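These notes are about the structure you will find just below.
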Amino acid sequence: MSVNDIKLTKDPLKNIYIMAPYLDEAGQNRVFGMVCGLLGFSGEKEQGDKAEPGKEVV
């Protein structure tokens with residue numbers, strides 16, 4: 001299947017299911033973690049109320 005043949009829907013979870021085969025294994029694992037709530041969607045670390053939006057807490 002060509003990338004041009006992909007038909008996405010208005011359902012985000014269905015779109016993830018459609019697009020997952022096009023990701024490498026690391027990308028699939030990351031998306032799975034995001035869907036399960038194991039990883040944050042932004043990839044930034046949070047530290048309670050001290051975290052400011054857009055800034056990484058080290």
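Does region 6-17 contain any residue that is loosely packed, with under 12 Cβ neighbours inside 10 Å, modelled with pLDDT under 85 and polar (S, T, N, Q)?
For region 6-17, residues loosely packed, with under 12 Cβ neighbours inside 10 Å, modelled with pLDDT under 85 and polar (S, T, N, Q): absent.
What's the number of the only condition in (1) in contact with a helix residue (DSSP H, G or I) (Cβ under 8 Å, 6 or more places away or on another chain); (2) at pLDDT below 85 that Leu23 fails to meet?
Among (1) in contact with a helix residue (DSSP H, G or I) (Cβ under 8 Å, 6 or more places away or on another chain); (2) at pLDDT below 85, Leu23 violates only (2).
The values are calculated or read from the model by the stated rules, or taken from the named source; none is laboratory data. Just so it is clear, the structure is predicted and the values come from calculations on it, not from any experiment. All Cβ positions, even for glycine, are placed from backbone atoms using ideal geometry, and neighbour counts span all protein chains on display.
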